[in-house]
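Report on the following structure.
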Amino acid sequence: MFNSNQKEDKFFKMFSDSAKNVNEAALILRANLDSLANKEDDVIKTENLEDKGDELVRSVIKELNEAFITPIDREDIYEIVNEMDNILDLINSTMHRFIMFNIEECTDGSKIIGDLLVQATKGLVELMDELRIHGYKSKHIPEQISNISKYESEADKIGRITIAELFQKDTDPLTVIKWKEIYQILENTIDNCEKVANIVEGVVIKNA
């Protein structure tokens, strides 16, 4: 049973903490897509969240080294927190691009993808809370995984459209280069959300 072992509780609590950390960073990024007036201060916030994510990964590794029995495969535990840490890295990278590229105003396409990222990270919070409270046999988990996959697919579609429009409408090559890179990082960020969901799906299948 999931609540019978303190070590097991720690792993699933760490999953939830990591997901909430990721969602908080996504919300900061989304706010900056509307207004970059505080981008320097908000970069510091996402860096702090990234540091927190790194610490969570280290804590998970420590617990794995000390645990005799784990609730799911050790590799899956590590991959879940590591991929969520990668999401934080990518969000922080996007925030830094706003400063490096001297971006003063964000595109409508980036805001749509940002909305999808917030939804995907919120989905991760719900998924990890479900895993923590009800375990991998919960009947709600497949739907939660499917929803995150839908956000990723929609982001891919929007990304293709916005990049095509970028090349068609913008005559400044530097602007095209800057935004193409930002779009790609945003898409990769949501891709990583789906990777986390896919790992959980693999856990469900292996333990069915």
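The values are calculated or read from the model by the stated rules, or taken from the named source; none is laboratory data. Keep in mind the model is a prediction, meaning the values are calculated, not measured. Please note: Cβ atoms are built from the backbone with ideal geometry, for glycine as well, and neighbour counts cover all protein chains shown.
Residues that are over 16 Å from the mean Cα position of the chain (by Cα), under 23 Å from Lys20 (Cβ atoms), assigned to a helix (DSSP H, G or I) and at pLDDT 95 or above are absent from the range 168-187.
Taken over the range 68-108, the criterion of being part of a loop (DSSP other than H, G, I, E, B), hydrophobic (A, V, I, L, M, F, W, C) and closer than 24 Å to Ala164 by Cα is satisfied by Phe101, Ile103, Cys106. Would it be correct to say that Leu56 is within 19 Å of Met100 (Cα to Cα) and among the aliphatic types (A, V, I, L, M)? Here the answer is no, as Leu56 does not meet what is asked. Within the range 43-93, the residues that satisfy the criterion of being crowded, with 20+ Cβ neighbours inside 10 Å, closer than 25 Å to Ile182 by Cα and β-branched (Val, Ile, Thr) are Thr46, Ile80, Val81, Ile87, Ile91. Against the list (1) free of Cβ contacts under 8 Å to residues at least 24 places away in the same chain; (2) closer than 30 Å to Arg132 by Cα, the condition Ile80 fails is (1). For the range 151-179, residues that are surrounded by 15 or more Cβ atoms within 10 Å (Cβ to Cβ) and of a type in the set (Lys, Arg) total 1. The residue that is surrounded by the most Cβ atoms within 10 Å (Cβ to Cβ), counting only those in the range 26-42 that are touching a residue at least 40 places away in the same chain (Cβ under 8 Å) and not hydrophobic (A, V, I, L, M, F, W, C), is Asn32. Of all residues assigned to the range 138-154, none qualifies as being over 25 Å from the mean Cα position of the chain (by Cα) and assigned to a loop (DSSP other than H, G, I, E, B).
Quick grid of which residues meet (1) surrounded by 21 or more Cβ atoms within 10 Å (Cβ to Cβ); (2) under 24 Å from Ala31 (Cα atoms):
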position	(1), (2)
Thr121	yes, yes
Leu127	yes, yes
Ile141	yes, no
Ser146	no, no
Ile185	no, yes
Asp191	no, yes
Gly202	no, no
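A single entry from Arg58, Arg74 fulfils the requirement of being more than 13 Å from the chain's Cα centre (by Cα), within 22 Å of Ile145 (Cβ to Cβ) and without any contact (Cβ under 8 Å) to a residue 60 or more places away in the chain: Arg74.
Residue-level check: of (1) more than 13 Å from the chain's Cα centre (by Cα); (2) closer than 14 Å to Val200 by Cβ, Ile161 misses just (2). Here Val200 clears all of (1) over 25 Å from Glu75 (Cβ atoms); (2) assigned to a helix (DSSP H, G or I); (3) of a type outside the set (Gly, Ala, Ser) except the condition numbered (1). Among the residues making up the range 25-40, a single one is among the polar types (S, T, N, Q) and within 17 Å of the chain's Cα centre (by Cα): Asn32.
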